[in-house]
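The block underneath contains the structure these notes are about, expressed in C-alpha coordinates.
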Amino acid sequence: VYLVTSTLYITCMTFGPFVSVVGAPTSNENEEKIWTLPNKRVVLKPARDRIIFLFVVSSPVSMFLFAFLLWNLWLVLTAQTSVEVQINKIYKKEAAAQGLVFTNPYDLGYMENWYQAMGRVSAIWHVIPSRHMPPWPPYPT
(Lines give C-alpha, C1' and ligand atoms only; values in the text may rest on other atoms or scores of the structure.)
Protein backbone atom coordinates (compact mmCIF):
# COMPACT_ATOMS: atom_id res chain seq x y z
CA VAL A 1 0.00 0.00 0.00
CA TYR A 2 2.82 2.42 0.86
CA LEU A 3 4.76 1.77 -2.33
CA VAL A 4 1.64 2.14 -4.48
CA THR A 5 0.72 5.39 -2.74
CA SER A 6 4.20 6.86 -3.04
CA THR A 7 4.70 5.96 -6.70
CA LEU A 8 1.22 7.21 -7.61
CA TYR A 9 2.03 10.44 -5.77
CA ILE A 10 5.27 10.88 -7.72
CA THR A 11 3.50 10.11 -10.98
CA CYS A 12 0.75 12.64 -10.28
CA MET A 13 3.18 15.31 -9.13
CA THR A 14 5.41 14.94 -12.19
CA PHE A 15 2.61 14.70 -14.77
CA GLY A 16 2.07 18.47 -15.09
CA PRO A 17 5.76 19.34 -15.36
CA PHE A 18 6.28 16.38 -17.73
CA VAL A 19 3.57 17.58 -20.10
CA SER A 20 4.88 21.14 -20.07
CA VAL A 21 8.54 20.12 -20.50
CA VAL A 22 8.16 17.57 -23.31
CA GLY A 23 8.34 19.29 -26.65
CA ALA A 24 9.09 22.72 -25.21
CA PRO A 25 11.11 24.73 -27.73
CA THR A 26 14.63 25.82 -26.92
CA SER A 27 15.25 29.53 -26.44
CA ASN A 28 18.28 29.38 -28.71
CA GLU A 29 18.70 26.61 -31.28
CA ASN A 30 22.46 26.53 -30.72
CA GLU A 31 22.17 26.32 -26.95
CA GLU A 32 20.71 23.02 -25.77
CA LYS A 33 20.92 23.78 -22.02
CA ILE A 34 17.92 26.10 -21.68
CA TRP A 35 14.27 25.21 -22.35
CA THR A 36 11.38 27.68 -22.34
CA LEU A 37 8.06 26.31 -21.12
CA PRO A 38 4.66 27.43 -22.46
CA ASN A 39 4.14 29.56 -19.34
CA LYS A 40 7.39 31.46 -20.20
CA ARG A 41 9.41 29.81 -17.44
CA VAL A 42 12.95 28.75 -18.23
CA VAL A 43 14.15 25.27 -17.23
CA LEU A 44 17.72 24.06 -17.47
CA LYS A 45 18.19 20.89 -19.51
CA PRO A 46 19.40 18.75 -16.54
CA ALA A 47 16.21 19.61 -14.62
CA ARG A 48 14.16 18.82 -17.74
CA ASP A 49 15.86 15.43 -18.02
CA ARG A 50 15.16 14.69 -14.36
CA ILE A 51 11.47 15.52 -14.75
CA ILE A 52 11.16 13.26 -17.77
CA PHE A 53 13.10 10.49 -16.03
CA LEU A 54 10.93 10.67 -12.89
CA PHE A 55 7.69 10.48 -14.84
CA VAL A 56 8.85 7.76 -17.24
CA VAL A 57 10.11 5.56 -14.41
CA SER A 58 7.37 6.17 -11.84
CA SER A 59 4.44 5.66 -14.23
CA PRO A 60 5.01 1.99 -15.15
CA VAL A 61 6.26 1.17 -11.64
CA SER A 62 3.09 2.60 -10.08
CA MET A 63 0.88 0.74 -12.56
CA PHE A 64 2.73 -2.52 -11.89
CA LEU A 65 2.55 -2.10 -8.12
CA PHE A 66 -1.15 -1.21 -8.28
CA ALA A 67 -1.84 -4.36 -10.33
CA PHE A 68 0.24 -6.37 -7.84
CA LEU A 69 -1.75 -4.88 -4.94
CA LEU A 70 -5.04 -5.83 -6.64
CA TRP A 71 -3.78 -9.35 -7.33
CA ASN A 72 -2.79 -9.87 -3.69
CA LEU A 73 -6.05 -8.39 -2.47
CA TRP A 74 -7.94 -10.84 -4.68
CA LEU A 75 -5.85 -13.71 -3.32
CA VAL A 76 -6.70 -12.73 0.26
CA LEU A 77 -10.40 -12.32 -0.51
CA THR A 78 -10.60 -15.73 -2.20
CA ALA A 79 -8.37 -17.52 0.38
CA GLN A 80 -5.86 -18.76 -2.17
CA THR A 81 -2.18 -18.63 -2.88
CA SER A 82 -0.85 -18.02 -6.38
CA VAL A 83 -0.07 -21.74 -6.69
CA GLU A 84 -3.56 -22.69 -5.55
CA VAL A 85 -5.03 -20.44 -8.25
CA GLN A 86 -3.35 -22.59 -10.89
CA ILE A 87 -4.34 -25.84 -9.19
CA ASN A 88 -7.95 -24.68 -8.76
CA LYS A 89 -8.14 -23.84 -12.48
CA ILE A 90 -7.34 -27.47 -13.24
CA TYR A 91 -9.90 -28.67 -10.70
CA LYS A 92 -12.55 -26.37 -12.20
CA LYS A 93 -11.91 -27.76 -15.70
CA GLU A 94 -12.08 -31.34 -14.43
CA ALA A 95 -15.28 -30.63 -12.50
CA ALA A 96 -16.85 -28.87 -15.52
CA ALA A 97 -16.01 -31.87 -17.72
CA GLN A 98 -17.94 -34.08 -15.28
CA GLY A 99 -20.81 -31.60 -15.06
CA LEU A 100 -19.96 -30.53 -11.52
CA VAL A 101 -19.09 -27.20 -9.95
CA PHE A 102 -15.79 -26.88 -8.09
CA THR A 103 -15.66 -24.74 -4.98
CA ASN A 104 -12.54 -23.91 -3.03
CA PRO A 105 -12.82 -25.72 0.32
CA TYR A 106 -10.97 -22.89 2.09
CA ASP A 107 -13.14 -20.09 0.73
CA LEU A 108 -15.38 -18.76 3.50
CA GLY A 109 -16.66 -15.71 1.61
CA TYR A 110 -14.94 -12.41 1.00
CA MET A 111 -15.45 -10.92 4.45
CA GLU A 112 -14.63 -14.06 6.42
CA ASN A 113 -11.51 -14.60 4.29
CA TRP A 114 -10.49 -11.00 5.01
CA TYR A 115 -11.11 -11.44 8.72
CA GLN A 116 -9.18 -14.73 8.69
CA ALA A 117 -6.14 -13.09 7.10
CA MET A 118 -6.30 -9.61 8.67
CA GLY A 119 -8.29 -10.06 11.84
CA ARG A 120 -11.47 -8.37 13.07
CA VAL A 121 -10.10 -4.90 13.67
CA SER A 122 -10.83 -1.44 12.34
CA ALA A 123 -9.85 -0.77 8.72
CA ILE A 124 -7.27 1.82 9.78
CA TRP A 125 -5.23 -0.88 11.52
CA HIS A 126 -4.66 -2.61 8.17
CA VAL A 127 -2.73 0.42 6.92
CA ILE A 128 -0.65 1.16 10.02
CA PRO A 129 2.45 -1.08 10.35
CA SER A 130 2.34 -3.40 13.33
CA ARG A 131 4.49 -6.03 15.02
CA HIS A 132 1.43 -7.72 16.52
CA MET A 133 1.43 -11.47 15.90
CA PRO A 134 -1.84 -13.06 14.78
CA PRO A 135 -3.77 -15.17 17.33
CA TRP A 136 -3.36 -18.40 15.32
CA PRO A 137 -2.48 -21.16 14.14
CA PRO A 138 -4.59 -23.18 13.87
CA TYR A 139 -6.42 -21.48 11.01
CA PRO A 140 -10.22 -21.57 11.14
CA THR A 141 -11.94 -23.48 8.32
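The values are calculated or read from the model by the stated rules, or taken from the named source; none is laboratory data. Keep in mind that this is a model prediction, so the values were computed, not measured. Heads up, the Cβs are rebuilt from the backbone with ideal geometry, glycines too, and the neighbour counts pull from every protein chain shown. Only protein heavy atoms, including side chains, enter the accessible area calculation; ligands, DNA and RNA are left aside. Shrake-Rupley method; radii C 1.70, N 1.55, O 1.52, S 1.80 Å.
With a ≥ b ≥ c the root eigenvalues of the C-alpha gyration tensor of region 75-117, is it rounded (a/c under 1.5), prolate (a/b larger than b/c) or oblate?
oblate
Leaving out ligands, DNA and RNA, and with a 1.4 Å probe, what % of the accessible surface on region 54-111 is carbon or sulfur? Don't skip to the answer; put the middle values down first.
On the way: 3080 of 4230 Å².
Solvent-exposed carbon and sulfur of region 54-111 make up 73 percent of the total.
Taking the highest mean first, how do the peptides 6-17, 74-85 order by number of other beta carbon atoms within 10 angstrom per residue? If you can, show how the numbers build up before the last one.
Working: 6-17: 15.6, 74-85: 14.1.
Put in order of decreasing packing, that is 6-17, 74-85.
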